[in-house]
1. For residue A:26, go 7 angstrom from Cα along the Cα-to-Cβ vector, then report the distances to that same point in the other copies in nm, smallest first.
2. Taking a label point 7 Å out from Cα toward Cβ, give me the nm distances from residue A:89 to the same spot in the other copies, shortest first, one decimal.
3. For chain B, what is the convex hull volume of its Cα atoms per residue in Å³?
4. Each residue of region B:38-48 in order: what ³J(HN,Hα) in whole Hz does its phi give by Karplus 6.51 cos²θ - 1.76 cosθ + 1.60, θ = phi - 60°, with x for Gly and Pro?
5. Which residues in region B:27-44 place their backbone N less than 16 Å from a point set 7 Å from the Cα of residue B:78 along the Cα-to-Cβ direction?
6. Do the sum for chain B: with -39,500 (n - 2.57) for every DSSP H run of n ≥ 4, divided by all residues, what is the mean residue ellipticity at 222 nm, to the nearest 500 deg cm²/dmol?
7. Given R₀ = 45 Å, what would the calculated FRET efficiency be for residue A:90 paired with residue A:26, taking r from the Cβ atoms and rounding to 0.05?
8. Positive end of the dipole of chain A, charges at C-beta (+1 Lys, Arg; -1 Asp, Glu), about the Cα centre: which of A:74, A:24, A:104 has its Cα farthest in that direction?
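Quick note: the coordinates plus some simple rules give every number you see, no bench work behind them. Note that the structure is predicted; figures quoted are calculated from it, not measured. FYI the Cβ positions are ideal-geometry reconstructions off the backbone, even for glycines, and counts take in every protein chain you see.
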Protein chains: 2
Amino acid sequence: MSNIAVDETCSDAAHPSRPTVAMPAVETLENAAAMLRAAGDPARLRLLLRLVDGARCVTELAEAEGEKLATVSARLKLLHAARLVTRRREAKHVHYALADEHILRLIRDILEHAAEETHAA
Amino acid sequence: MSNIAVDETCSDAAHPSRPTVAMPAVETLENAAAMLRAAGDPARLRLLLRLVDGARCVTELAEAEGEKLATVSARLKLLHAARLVTRRREAKHVHYALADEHILRLIRDILEHAAEETHAA
């Protein structure tokens, strides 16, 4: 390995030998990235946030958002396809909920982080 | 409010009156969504994962990824712009680290969730 320090960078030899983090399977990484993209839209993130307190029916969510049922329903389907939310039918109700504790915590963490950064900026 | 039950949906009157979740500022929601999109790319997510054990120099990361320094440097700049990572210069080294505990937990949560879902599918 040559010792050319390019521009602002150090040479390879300058680092201690450290174990690298084990990488998950390609499929897992791609799924995780797709989940983050699904959540990475303000309108969809609002819907996820509305589920933080528990399951809600699609009609309730549309009312709370002041949006058409079809619009909100399409967003929820995308979140469901990404496995960020679960869906449960009960008579005429279609209840959506956050998939599990991972997603609940993720929503809280990213909003707390964004709020901190907004204030710090 | 009319009582028209459209297609698969319930009527408005069928829901208990529940308090809705308080929504953060528009700017906070948009920043949070942008952060999720920045993390929502397999190559960038790999870099974030490599920082779970602590700060790393950009040269180390490029070696670990088997990628060109310029490629990895561009990805890190994007993550830094989204405030998911911090950057610290020290002589010729440029160290990157996860921004804080929110981001550390988020990376772990989404990868655990994706791994569960991959196995369950």
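1. So the distances to the same position in the other copies read 4.2 nm.
2. Nearest first, the other copies' label points are 6.1 nm away.
3. Spread over its residues, the Cα hull of chain B gives 189 Å³ apiece.
4. Whole-Hz 3J(HN,Hα) from phi for region B:38-48: 4, 7, x, 9, x, 5, 6, 5, 4, 5, 4.
5. Of the residues in region B:27-44, B:33-44 have backbone N under 16 Å from the label point off residue B:78.
6. That calculation yields -16500 deg cm²/dmol at 222 nm.
7. The calculated FRET efficiency here is 0.75.
8. It is A:74.
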